[in-house]
1. How high is the relative contact order of the chain? Use alpha-carbon pairs under 8 Å, at least six apart in sequence, and give a whole percent.
2. With labels modelled as points extended 7 Å from the Cα through the Cβ direction, what inter-label distance (nm, one decimal) is found for Asp51 paired with His79?
3. Could you derive backbone 3J(HN,Hα) for region 48-63 from the dihedral phi with the Karplus parameters 6.51, -1.76 and 1.60 (θ = phi - 60°), listing whole Hz in sequence and x where the residue is Gly or Pro?
4. Can you show me the helix-derived [θ] at 222 nm for the chain, built from DSSP H runs with n ≥ 4 at -39,500 (n - 2.57) apiece and divided by the number of residues, rounded to the nearest 500.
Amino acid sequence: MFDRNVGINADQLSEDVYLALAADHSTPSEVKEHTGEPVAVVIYGSSIRRDRVVSYNETDCAHGALGRMSGSEFVRTLHG
């Protein structure tokens with residue numbers, strides 16, 4: 001349900017607004033607790049170049065255009 005609501009809200013954003021999503025930690029089902037593994041991130045907006053990723057999850061986002069970055073690099077990417 002969350003995914004559907006994000007899609008609805010993203011379609012209604014004005015051209016000068018960007019949507020950024022990131023998890024604060026991963027919780028792999030194999031270990032059943034928080035780990036330091038990479039998390040999926042997305043930046044969405046009218047002027048953002050799109051890659052080929054169509055699903056928001058760790059596996060698919062690992063192949064996205066943003067690549068692998070630290071949390072501080074992600075924030076710097078958002079703030080220029």
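None of the figures in this text is laboratory data; all of them are computed from the coordinates on show. Predicted model, so just to flag it, every value in this text is computed and none were measured. Methodologically, a virtual Cβ is constructed for each residue, glycine included, from the backbone with ideal geometry; neighbour enumeration extends over all protein chains shown.
1. The normalised contact order for the chain reaches 22 percent.
2. Once both label points are built, they end up 2.3 nm from each other.
3. 7, 5, 8, 9, 8, 6, 10, 10, 8, 7, 4, 5, 5, 5, 4, 9
4. Working: 3 runs with 23 residues, N = 80.
Mean residue ellipticity at 222 nm (helix-derived): -7500 deg cm²/dmol.
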